[in-house]
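Data block below; observations after.
Read-outs: derived from the displayed coordinates by stated rules, not from any lab. Remember, predicted model here, so these are calculated numbers, not experimental data. Don't worry about glycine lacking a Cβ; one is built from the backbone with ideal geometry, like all the others, and counts go over all protein chains shown.
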Amino acid sequence: MPTDTTGKTFKRNKLSSAVKLSLSLLAIGAISNGPTLFAQDADDAEATEVLDGVEEVVVTGQRRSLQNAQDIKQFSEVVVDSISADDIGSLPDRSVTESLQRVPGVAINRFAGSNDPDHFAAEGSGVVVRGLTYVRSELNGRDSFTANNGRGLSFADVPAELLGGVDVFKSPTADRIEGGIAGTVNLRTRLPFDSAENSVAFTLENNYGAFVEESAPTGSVFGTYSWDTGLGEFGVLGSAVYSQLKTRADRFQIANFAERNLYSNGGVTDTGNGETVVDTILFPRGGAAGSQTFDRERIGLSAAAQWRSPDESMEATFQFLRSDSREAWTEHTVEIATDVVADQGDSFLLAGTQLEITDSGVFDNGVITGATGWRDDQWSGAARTPVNALQSNNIRRDVDQKFITEDISAKFEWNVNDTLALSFDVQRVDS
């Protein structure tokens, strides 16, 4: 059943290896052909004269984000796909998990859990790379985790507005920490030196859930400032985001299909009352109808500071991230206790009604009842009435979760000379 969430459209253009190989061959052919090379030089000279009158061409926005993502993939030594967000709040979806589904070979789970297909998720949960689980998660190239998902980072808990990009590594290398059988997902937060200019930005957004008939706001603010001194270049950055989502999901389902005999009189019973068995069909033992409301809230804080020496041989980086994710949902459900139906006479087609089945022999439409009808769900000390009947459960479930993760890290890099480079890194994660 659908949920009333909204998203933004994001498209990526890729240059296949076959096309790049063709372009390389064409370039070789041009070099081996003298007249063609001279003509090309003349054209380049004319183009240079035209460009001399242009001071600078700056490409920003979505086109720049697409170009950055393409460059990361093109120049990487491993198989990697990337989503880049140059502008604050420009990651294409409401959550990191939702954005990852746009990467080729990556799928996400639309249910509350991999072992709970009866409940939908307000947003995508769980990431699978090329059909495999056990995806390693990293934050700025470092190991990370959350209390919600063992040693893996719960991507749904990180506000998308805090990120500068997401990288998905599909092939391991010797220099990467082991642990990702399917692949590695690296979340990149913004750094002061990523921006060429000092800037302040903010975003405001409102989402209205048509089913739940409520609005939910989202807002973020971002600022970065860099300056030069005699000791080198310094930069600071800070960002904060508040995001809320309210939605509702309704479901109708039939479950626990079992092979049953279909008799010549159209009935589905154990004996058929002397009728002839004409087919074997898959017939359900129960069903459920439910409505679930969600209220998801995220609060994210991010800060960073950088220093670069005057000769650019040394660079120090400090990063901080705090993610506060809260989710509360309430469900009202009416369902048949399918685990006891078989012991209570099993389910049957109501006498006098018509049965519709698919061409492959699966129940499609009809009125289902029990051997002796239905029974109530109240226990007053006496036997339920009737005793051997289908049991109807009226259920309310409430869940209130809160996950807080703090990540503090520092890194120092020193290029001593052309052949020696030193790197020191420290990290503390608390969830």
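Descriptive notes on the structure:
- Length released on extending from ASP118 to GLU213, taking residue separation times 0.36 nm less the Cα-Cα span: 31.9 nm
- Computed over neighbours whose Cβ is under 13 Å from that of PHE412, the net charge equals -1, Lys and Arg +1, Asp and Glu -1.
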